[in-house]
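The values are calculated or read from the model by the stated rules, or taken from the named source; none is laboratory data. Only a predicted model underlies this, so the values are computations on that prediction, with no experimental measurement involved. No Cβ is skipped: glycine too gets one built from the backbone with ideal geometry, and neighbour counts run over all protein chains shown.
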Amino acid sequence: MPRILITQGDPAGIGPEVVAKALDSGQLPSGFDFQILGSAVAATPGRPDDASALAALEALEESVRILKSDADAVAVVTAPVSKATLQRRGFSFPGQTEFFAERFGCNSFAMCLSGATMSVGLATIHIPLASVPSSLTVSGIVRVGLLLADFARRRFGRQPRIAVVGLNPHAGEEGRFGDEETRIITPAIEALNRTETGDFSGPHVPDAVFRQAARGEFDAVLAMYHDQGLIPLKLLDFDTGVNVTLGLPKPRTSPDHGTAFDIAGKGIARADSMIHAIKLACELA
Ligand SMILES: NC(=O)c1ccc[n+]([C@@H]2O[C@H](COP(=O)([O-])OP(=O)(O)OC[C@H]3O[C@@H](n4cnc5c(N)ncnc54)[C@H](O)[C@@H]3O)[C@@H](O)[C@H]2O)c1
Ligand SMILES: N[C@H](C(=O)O)[C@H](O)COP(=O)(O)O
């Protein structure tokens, strides 16, 4: 039977709790086995330390070993980790997305979050806001746009309508508030439309386009940076949002929330996003 790997994340966070609740929910698809990775070290809730970070890291590495060697292991779902704590243990990646991409030798990958209301792909991921403008390139936006179109086509079963967002207020207001739209984003949209993989429009005004997306006018939104895309997504879709890494040979999903150290150990963490993450992994596998 196909098997979904589930890493428990940092055991000082809510990972083990939401994994256990998801498995007990009665809402997971049939036809799959679920294999839990990660030891329940004696972590203090809300207090990540070297041991809890190591447990999280070992589960990630173990998932890669299994995914590469076992054809029945068809996807991985990762519970949240603390990036800062992991990096103090020598984890050299900004996040799990970049970790899986490197481990699978995947140069073309992207972060996408998909929820009941909207799906959002990110042209840049875990970088300082000040680095965003200089990190945007035509080829980078095209690369993420193609991955997002492929994902949206698989999810929604049609030629996807993808809104590409501007970077600046009012999408630059004809160059008065910035020129990334004319220099970079518009040429990328033109190149994407030449591929005929989706109907790409934009550059859209950032403060308006997410309302249109929420009303169903687009199948996905291609945002220029992390918080541009994830603030509306998490505002509207916190319980159904799933983080999915595009471009990997096997699907990797994760809940849209973090370790929630402030509520760890209290038994009040909601498992909805984890349940949706497991469902999406099964759907994509
Ligand atoms: N999937 C992941 O691995 C992932 C995602 C986001 C953040 N993180 C990491 O998590 C850490 C904490 O990040 P943060 O504080 O920005 O975000 P967070 O999602 O952990 O917490 C934000 C707020 O949402 C609440 N919350 C989160 N998940 C919840 C749930 N399931 N049920 C009820 N309430 C919930 C928290 O209590 C907190 O008030 C950081 O180290 C970050 O890197 C990991
Ligand atoms: N950027 C994600 C979010 O805000 O939800 C989160 O940090 C997870 O990133 P990784 O999947 O790369 O760990």
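For the range 1-40: of the residues being assigned to a strand (DSSP E or B) and out of contact with any Ser or Thr (no Cβ under 7 Å at 6 or more places or on another chain), which is surrounded by the fewest Cβ atoms within 10 Å (Cβ to Cβ)? In this case the residue turns out to be Asp33. Among residues belonging to the range 255-280 that are farther than 10 Å from Gly15 by Cβ and in contact with a strand residue (DSSP E or B) (Cβ under 7 Å, 6 or more places away or on another chain), point out the one that is surrounded by the most Cβ atoms within 10 Å (Cβ to Cβ). Step by step, filter the range 255-280, then rank; the result is Ala277.
Within the range 130-145, the presence of a residue that is under 24 Å from Ala277 (Cα atoms) and part of a loop (DSSP other than H, G, I, E, B) is excluded.
Condition check: closer than 19 Å to His276 by Cα and either in contact (Cβ under 8 Å) with a residue 12 or more places away in the chain or surrounded by 14 or more Cβ atoms within 10 Å (Cβ to Cβ) (or both). Does Ile66 satisfy that? The answer is no for Ile66. Just for the range 182-216: of the residues that are touching a residue at least 60 places away in the same chain (Cβ under 8 Å) and of a type in the set (A, V, I, L, M), which one is surrounded by the fewest Cβ atoms within 10 Å (Cβ to Cβ)? For the range 182-216, the residue satisfying everything is Ala214. Go through the range 234-279 and give me each residue that's within 13 Å of ligand 1 (Cβ to nearest atom), more than 11 Å from the chain's Cα centre (by Cα), over 28 Å from Thr44 (Cβ atoms) and aliphatic (A, V, I, L, M). Correct list: Leu235 only. Scanning for something more than 14 Å from ligand 2 (Cβ to nearest atom) and without any contact (Cβ under 8 Å) to a residue 60 or more places away in the chain, does the range 259-267 turn up at least one residue? Looking for residues that are more than 14 Å from ligand 2 (Cβ to nearest atom) and without any contact (Cβ under 8 Å) to a residue 60 or more places away in the chain, one finds none in the range 259-267, hence no. Looking across the range 167-181, the residues that are touching a helix residue (DSSP H, G or I) at 6+ places or on another chain (Cβ under 7 Å) and either without any contact (Cβ under 8 Å) to a residue 12 or more places away in the chain or not polar (S, T, N, Q) (or both) come down to Leu167, Ala171, Gly172, Gly175, Phe177, Gly178, Asp179, Glu180, Glu181.
Regarding Phe200, is this residue aromatic (Phe, Trp, Tyr), more than 16 Å from ligand 2 (Cβ to nearest atom), assigned to a loop (DSSP other than H, G, I, E, B) and farther than 24 Å from Ser254 by Cα? For Phe200, the condition - aromatic (Phe, Trp, Tyr), more than 16 Å from ligand 2 (Cβ to nearest atom), assigned to a loop (DSSP other than H, G, I, E, B) and farther than 24 Å from Ser254 by Cα - is not met. Looking only at the range 66-115, residues that are at negative phi, modelled with pLDDT under 95 and away from ligand 2 (no atom under 12 Å from the Cβ) come to 5 in all. Out of Phe109, Phe91, one residue alone is crowded, with 16+ Cβ neighbours inside 10 Å, within 15 Å of the chain's Cα centre (by Cα) and either within 16 Å of ligand 1 (Cβ to nearest atom) or closer than 23 Å to Thr195 by Cα (or both). It is Phe109.
For the range 233-245, the set of residues classified as away from ligand 2 (no atom under 12 Å from the Cβ) and either crowded, with 23+ Cβ neighbours inside 10 Å or of a type in the set (S, T, N, Q) (or both) consists of Thr240 only.
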